[in-house]
Amino acid sequence: MDKIIKIVLSVLLFTCLLDMPYGYFQLVRFAALIGFGLLSYKANQQSRQTEVFIYGALALLFQPFFKIALGRELWNIVDVIVGVGLLMSLFEKRKDE
């Protein structure tokens, strides 16, 4: 389930680089809040505190209620970094697996 969430979030974040209507960005914010919240919860269940912090921080960054105004260019950079990070985490080998 984690892999599906990461892939979906990556695709959503990469499509933010395209010229999309404002409503799409709102949808991405809600999806990111829910997705990163779930990833944080699952990481907490597996006692991976670093991932809990990272996913929790990303959930707060992307949350749609109190928007963080970074500007289009900076948000594009954040979207790419987070999207690439999510995809890279799919190929990470863990000692506990």
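Give me the pairs: first residue in the stretch 71-83 and over 13 Å from Leu61 (Cα atoms), second residue assigned to a helix (DSSP H, G or I) and of a type outside the set (A, V, I, L, M, F, W, C), beta-carbon distance under 6 Å, and six or more apart or on different chains, which are they?
Gly83/Ser10
When both residues are 6+ apart or on different chains and their Cβ atoms are under 8 Å apart, which pairs have a first residue that lies in the stretch 29-48 and is closer than 15 Å to Ile7 by Cα and free of Cβ contacts under 8 Å to residues at least 12 places away in the same chain, and a second that is surrounded by 15 or more Cβ atoms within 10 Å (Cβ to Cβ) and of a type in the set (Phe, Trp, Tyr)?
none
For Lys95, only one of the following conditions fails: (1) modelled with pLDDT of 90 or more; (2) outside any helix (DSSP H, G or I). What is its number?
Evaluating Lys95 over (1) modelled with pLDDT of 90 or more; (2) outside any helix (DSSP H, G or I) leaves (1) as the failure.
The values are calculated or read from the model by the stated rules, or taken from the named source; none is laboratory data. Quick caveat, the model's predicted, so the values are computed rather than measured. With ideal geometry, Cβ positions are generated from the backbone for all residues, glycine too; neighbour counts draw on all protein chains shown.
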